[in-house]
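One structure is given below, encoded as structure tokens.
The values are calculated or read from the model by the stated rules, or taken from the named source; none is laboratory data. Note that the structure is a prediction, hence the values are computed from the model and not measured. Positions of Cβ are generated from backbone atoms using ideal geometry, with glycine treated the same way; all protein chains shown enter the neighbour counts. Keep in mind that these areas ignore ligands, DNA and RNA; they rest on the heavy atoms of the full protein, side chains included. Shrake-Rupley method; radii C 1.70, N 1.55, O 1.52, S 1.80 Å.
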Amino acid sequence: MTHSGNPFGQVLVALITPMTADGEVDWPATEKHIDDVISAGADGIVVTGTTGETSTLTDPEKLRLVEVGKSVSAGRAKIITGGGSNETAHAIELYKASEKAGADGIMIVTPYYNKPTQAGILTHFRLVADATDLPVILYDIPGRTGVPIKYETILRLAKHPNILAIKDAKGDFSEVSRVLNQTDLMYFSGDDANVLPHLAIGASGLIGVTANITATPYRTIVDAVNAGDLASATAAHQSLEPLVRAVMTHVPGTVAAKYILHGLGRIGSPRVRLPLVGPEEWEAAVIEDELALVKNVAGADFSNFRPDRNAAAGGALPKVHGTTR
């Protein structure tokens, strides 16, 4: 398999889905947030992914997020639709509809809960990739799906003309190197703490949660690696460490990112949909302690940070549940 260039971008934000206090999608806030992250240096946006709370979004909401992303980006960033389904037939229809809605690419997660064999995983990815002309990113995250995409399966999937990349949240760097040596697949770091190590061994970019807070240092890291400037990339990586820890360590990344963005006044509510809930008092305190350590990170000024633990408490039950049918 060969591909011409990178159709996804390099600094991709795993976008949160801003919501109102009652758990409905806040569309004006969504438009503003997309514009914010693009202005901060993102050249790709993954909507309806894990961070976007895809499990609790309805299909119409997912498709509208693609449409809104395309409208706001206006060609400044690629819009990738994430999520998918653990039902192959549903995933096929959802990605077909996403293509019609204007998506520039799709990211297919390994079927979760079912725990399929590698043959089932292979068939799922192939059938979904067959159903679209869009470039495909495979999403390998066994911590959430229960099963990894094994090396041999990746090699077979790499032969599909539409499958161009992998988002790696497995953290097996030796396997990443093997796949990069044996295929033309692009890799995207799916672990905010390991963006620079991934790039250092040949990854093409990142799909990051912390980039919701600020994409600027990730732009710095990617541009520095592209220029062979390891010192600048390392400095940016090190300065990001406490922010990454605050976002990714204590509660789900979605929860922490919304809590922080609300405290910065960039979204109107930190609400997440159940079964996710906002941070408990002790979790919020630890997040705030980590943020106090953030220094000299472009786009991350916490001097006016005003967290609201009460607003973040609990989770919302939306009016319409995110059914798979």
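Quick test of your reading of the structure: residue 35 fulfils all but one of (1) surrounded by fewer than 19 Cβ atoms within 10 Å (Cβ to Cβ); (2) within 22 Å of residue 97 (Cβ to Cβ); (3) of a type outside the set (Ser, Thr, Tyr); (4) within 17 Å of the chain's Cα centre (by Cα). Name the failing condition by number.
It fails just one condition, (2).
What residue, among those in the range 199-217 that are over 18 Å from residue 80 (Cα atoms) and assigned to a helix (DSSP H, G or I), is most open to solvent (accessible area, probe 1.4 Å)?
Result: 200.
Looking for something at pLDDT below 95 and either under 20 Å from residue 52 (Cβ atoms) or touching a Lys or Arg at 6+ places or on another chain (Cβ under 7 Å) (or both) - is there at least one such residue anywhere in the range 113-130?
Yes, that holds for at least one residue.
Just one of 87, 24, 99, 93 is closer than 26 Å to residue 168 by Cα, surrounded by fewer than 24 Cβ atoms within 10 Å (Cβ to Cβ) and touching a residue at least 60 places away in the same chain (Cβ under 8 Å); which is it? Spell out the reasoning first.
Values: 24 fails: closer than 26 Å to residue 168 by Cα; 99 fails: touching a residue at least 60 places away in the same chain (Cβ under 8 Å); 93 fails: touching a residue at least 60 places away in the same chain (Cβ under 8 Å).
Unique residue meeting the criteria: 87.
Considering only the range 62-77, I want to know if a residue exists there that is closer than 20 Å to residue 191 by Cα and touching a Lys or Arg at 6+ places or on another chain (Cβ under 9 Å).
To start, the set of residues in the range 62-77 that are closer than 20 Å to residue 191 by Cα comprises none.
Within the range 62-77, none of the residues are closer than 20 Å to residue 191 by Cα and touching a Lys or Arg at 6+ places or on another chain (Cβ under 9 Å).
Only residues in the range 276-290 that are over 9 Å from residue 309 (Cβ atoms) count as the first member; pair them with residues that are buried (at least 18 other Cβ atoms within 10 Å of the Cβ) and aromatic (Phe, Trp, Tyr), Cβ under 7 angstrom, at least 6 apart or cross-chain, and list the lot.
That search, which allows pairs on different chains as well, returns 287/259.
Identify, please: which residue in the range 102-112 is open to solvent by less than 10 Å² (accessible area, probe 1.4 Å) and touching a Lys or Arg at 6+ places or on another chain (Cβ under 7 Å) and is, among those, nearest to residue 191 (Cα to Cα)?
107
Mind listing just one residue for me: the one in the range 221-280 that is open to solvent by less than 60 Å² (accessible area, probe 1.4 Å) and either at pLDDT below 95 or of a type in the set (Lys, Arg) (or both) and, of those, nearest to residue 189 (Cα to Cα)?
Per the criteria, the residue is 258.
Out of everything in the range 1-21 that is among the polar types (S, T, N, Q), under 18 Å from residue 106 (Cα atoms) and modelled with pLDDT of 95 or more, what residue ends up being surrounded by the fewest Cβ atoms within 10 Å (Cβ to Cβ)?
Per the stated criteria, the residue is 6.
Applying the selection to the range 110-165, what residues are among the hydrophobic types (A, V, I, L, M, F, W, C), free of Cβ contacts under 8 Å to residues at least 60 places away in the same chain and outside any helix (DSSP H, G or I)?
Step one: filter the range 110-165 for residues among the hydrophobic types (A, V, I, L, M, F, W, C), giving 119, 121-122, 125, 127-129, 131, 134, 136-138, 141, 147, 149, 154-155, 157-158, 163-165.
If we keep only those that are free of Cβ contacts under 8 Å to residues at least 60 places away in the same chain as well, we get 119, 121-122, 125, 127-129, 131, 134, 136, 138, 147, 149, 154-155, 157.
Correct list: 131, 134, 136, 138, 147, 149.
How about the range 291-313: which of its residues are touching a residue at least 40 places away in the same chain (Cβ under 8 Å) and within 14 Å of residue 262 (Cβ to Cβ)? Reasoning before the result, please.
To start, the set of residues in the range 291-313 that are touching a residue at least 40 places away in the same chain (Cβ under 8 Å) comprises 291, 293-300, 304-308, 311-312.
Of everything in the range 291-313, those that are touching a residue at least 40 places away in the same chain (Cβ under 8 Å) and within 14 Å of residue 262 (Cβ to Cβ) turn out to be 291, 304, 305, 306, 307, 308, 311, 312.
Listed here are the residues, each with its yes/no results for (1) of a type in the set (S, T, N, Q); (2) in a loop (DSSP other than H, G, I, E, B); (3) in contact with a strand residue (DSSP E or B) (Cβ under 6 Å, 6 or more places away or on another chain).
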residue	(1), (2), (3)
195	no, no, yes
221	no, no, no
256	no, no, no
270	no, yes, no
